[in-house]
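J.: Questions regarding the structure given below will be posed in turn.
The values are calculated or read from the model by the stated rules, or taken from the named source; none is laboratory data. Quick caveat: nothing in here was measured; it's all calculated off a predicted structure. Quick note on the areas: whole protein, heavy atoms, side chains included, nothing else; ligands and nucleic acids left out. Shrake-Rupley method; radii C 1.70, N 1.55, O 1.52, S 1.80 Å.
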Amino acid sequence: MCNFELAELRTNRLMQMNALEELRNEAYTNSFIYKEKTKNWHDKILKGNKDFHEGQKVLLFNSRLKLFPGKLKTRWDGPFVVKQVFPHGAIELISRDGTPFKVNRHRVKTYEEGIPKEEGLEEGLHLEEITET
C-alpha cells in the first residue's frame with residue numbers, strides 16, 4: 001500500500017533508540033554531577049559552622065516543640081553559654097538558671113547578637129522616609 005522498506009525502517013528505528021539511550025546516559029551523568037555538587041555545598045554549610053569555644057553564645061535545637069501547634073514557632077532555644085567543648089562531639093552548656101548540661105554538637109548553632117543594619121539606611125531615617133524622597 002504505502003511501499004514500506006522494512007530494512008530502512010529497522011535501521012532508522014535502531015538509530016533513534018541509540019540516540020535515546022545516549023540522551024538517557026547524559027542525563028544520568030548530569031544528574032549525578034548536580035547531586036554531588038549540592039551535597040558538597042550542603043555539607044560545607046552544615047559542617048563549616050560547628051567550631052565552638054568556651055564562653056560563646058549558642059542556640060539549641062528543640063526537637064520536642066513539634067508537639068505544640070503553630071507553624072511560626074521557632075525550634076531554637078537560647079542563647080546558652082558554652083562551658084566546655086569535648087573532643088568527641090559533645091558540648092557542655094550552661095542553662096539560664098546556671099545548671100550545666102551536655103548536648104550533641106549537631107543540635108547547636110552559633111548565636112548572632114544584634115540586628116544587622118540595612119545598607120543605605122542612616123541613623124534616624126526610616127525606610128518610609130527614604131521611599132518618599
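J.: For the stretch 95-110, which positions are assigned to a loop (DSSP other than H, G, I, E, B) and open to solvent by 80 Å² or more (accessible area, probe 1.4 Å)?
T.: Passing the criteria: 96, 97.
J.: Return a yes/no flag: does the stretch 59-74 have any residue that is assigned to a loop (DSSP other than H, G, I, E, B) and either of a type in the set (Asp, Glu) or at pLDDT 80 or above (or both). Reasoning before the result, please.
T.: As a first pass, look at the stretch 59-74 and keep what is assigned to a loop (DSSP other than H, G, I, E, B): 62, 68-74.
Remaining after also requiring either of a type in the set (Asp, Glu) or at pLDDT 80 or above (or both): 62.
Yes - at least one qualifying residue is present in the stretch 59-74.
J.: Right, another one. Among 40, 12, 30, which is the only one that is under 30 Å from residue 106 (Cα atoms) and not aliphatic (A, V, I, L, M)?
T.: Answer to the check: 40.
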